[in-house]
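Notes for the one structure printed next.
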Amino acid sequence: MTTTTRHHALAVAMLAVIAIGSAIAGNQARNAHFASMDGNGDGVISASEHAAGAAAMFTAMDSDKDGTVTAAEMDAMAAGGHVGKHAGKTPAGDAGEAGSELSSAEKIAMLDQDGDGKLSRAEHEVGARSMFAKSDTNLDGNLSASEMAAARASMMQHD
């Protein structure tokens, strides 16, 4: 094997390690988020647990406590590692898949019923209930970790 070939092989191996490490870190973050919402520790998230988690998320995002969340507030929370990994658009997946997640402004626009560019608590609650219903693919009234992961991947990607 030539020196150049060895360097290429080493570079590929290093990229694979980085991608695997990133995927593991992303899975750990998603698992921690899931566990934090699973209030009774039964391995699934009920509608009431999901609603409580969504309410807590809204409260945390509403940094100025005015009852609405702006894209800037959502980005600030994301930059702090609480909702996604980075402000604005983030790479799709945790292992460098193609595509990008929706920006905070795009996420808000999906739920912004009055068109004011901000997300009210009521709009967020309606969106959370809708997300839960769409995510419960086996219609058992609970969300498994795999249902949550599939829903997030589906809802947060650009078409």
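Taking 0.36 nm per residue of separation and subtracting the Cα-Cα distance, full extension of the segment from R129 to D116 would add 2.6 nm. Ordered from highest to lowest accessible area with the whole protein assembly present and a 1.4 Å probe, V69, V44 read as V44, V69.
The values are calculated or read from the model by the stated rules, or taken from the named source; none is laboratory data. What you are looking at is a predicted structure, and each value in this text was computed from that prediction instead of being measured. In case anyone asks, the SASA skips ligands and DNA or RNA and just uses the protein heavy atoms, side chains included. Shrake-Rupley method; radii C 1.70, N 1.55, O 1.52, S 1.80 Å.
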